[in-house]
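Before any comments, here is the structure.
The values are calculated or read from the model by the stated rules, or taken from the named source; none is laboratory data. What you are looking at is a predicted structure, and each value in this text was computed from that prediction instead of being measured. Here the Cβ is made from the backbone with ideal geometry for all residues, glycine too, and neighbour counts use every protein chain on show. Accessible surface is based on the protein model in full, side chains and every heavy atom, while ligands, DNA and RNA are left aside. Shrake-Rupley method; radii C 1.70, N 1.55, O 1.52, S 1.80 Å.
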Amino acid sequence: MTIKAKLTIILSLVMAFSFVIISYTLYIAYNEHKNEIVLKELNTLSTKISLLIHETQKERGATAGFLGSGGTKFTTILPNQRTLTDKRLREYSQYVKSLDKKQLSQELREQIVKLNHNLGNLNHIREVTSNLQISLKDAIAYYTKTNAMMLDVVSSSIKMTRDATLVRGLVAYNDFLHAKEKAGIERAVLSGAFAKDRFVDGMFVKFISLVSSQKSYIQDFLSVADES
């Protein structure tokens, strides 16, 4: 084999290797950029959800007070709170419609569909509440189930995150949201208890359990979250 042939083979191998390296680097860069876009969207989604949960938690408490009093209390607070909830619900719904669902995991897509279906029952729950046609227990259960579904969406978002530091922050955030949700259920339970001037069956035990759960979630949050 001539020197020219050898050099040609060597040059071809070098070029082929360079092509592979460059292609791989571009592929990694593209995926990282794509992942950054998805993470930004998931972060915004989590924010929209946390704002909505905040309002549904307050609506749950006002609903409990209204039903617990037999419709004599929270007559102004409850309608006003529903308006606040609707505002956040519109913001969440509009953002979800704009999401590129193909970039989300199958689990996350299914959870969003189930959540949206459950949120579709909100007006019915409000109607039977206003007409005192639903029990305090069932009303609280609806809001609690809905909030749990929203928290599941946030939890599933964490699974799509690859950055270890970001995962740690999201886990801490998730723990904090769960602690806040337990506090929200506690508010609903106590609103109903104060409205009736007593705990209905099982509610005192539930109250103690909620306080204990909050402590656990806060402890988990503090053990994971950084100082800032």
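Each Lys or Arg adds one and each Asp or Glu subtracts one; over the other residues with Cβ under 12 Å from the Cβ of Ala193, this totals +1. For the pair Gln219 and Thr83, label points projected 7 Å from Cα toward Cβ lie 4.3 nm apart.
Based on the reciprocal of the average 1/r between different C-alpha atoms, the Kirkwood radius for segment 109-199 equals 15.0 Å.
Shown here is the pair-distance distribution of segment 47-138: with all Cα-Cα distances grouped in 10 Å bins from zero up to the longest one, the shares run 15, 43, 27, 12, 2 percent.
Could you order the peptides 110-117, 194-201, 138-145 from most to least packed, using the average number of other C-beta atoms within 10 Å per residue? Don't jump to the answer; show the numbers that get you there.
Numbers: 110-117: 15.2, 194-201: 13.6, 138-145: 18.0.
Most protected by this proxy first, the peptides run 138-145, 110-117, 194-201.
Whole-Hz Karplus values for segment 49-62 come out as 5, 5, 5, 5, 4, 4, 6, 5, 5, 5, 5, 4, x, 5 Hz, taken residue by residue from phi with 6.51 cos²θ - 1.76 cosθ + 1.60 and θ = phi - 60°; glycine and proline positions read x. Using every pair of separate Cα atoms, the Kirkwood estimate puts the hydrodynamic radius of segment 186-228 at 11.8 angstrom. Here the label points at Lys159 and Asp138, each 7 Å from Cα along the C-beta direction, are separated by 3.3 nm in the simple model. In order along segment 177-185, the Karplus-derived 3J(HN,Hα) couplings, from 6.51 cos²θ - 1.76 cosθ + 1.60 at θ = phi - 60°, round to 5, 5, 4, 5, 5, 4, 5, x, 5 Hz, and Gly and Pro are given as x.
Distance check, please: which entries in Lys48/Lys114; Lys182/Lys206; Lys182/Lys215; Lys159/Lys215; Lys159/Lys206; Lys87/Lys137 exceed 20 angstrom between their Cα atoms? Table pairs above 20 Å Cα-Cα are Lys159/Lys215; Lys159/Lys206; Lys87/Lys137. Per-residue SASA remark: Leu67, around 20 Å² accessible (1.4 Å probe; ligands, DNA and RNA not included).
Across segment 155-163, rounded Karplus estimates of 3J(HN,Hα) from the backbone phi angles (6.51 cos²θ - 1.76 cosθ + 1.60, θ = phi - 60°) give 4, 5, 4, 4, 5, 8, 9, 9, 6 Hz, Gly and Pro being marked x. Local charge for Thr75 was computed over the other residues whose Cβ lies under 15 Å away, with Lys and Arg +1 and Asp and Glu -1, and equals +2.
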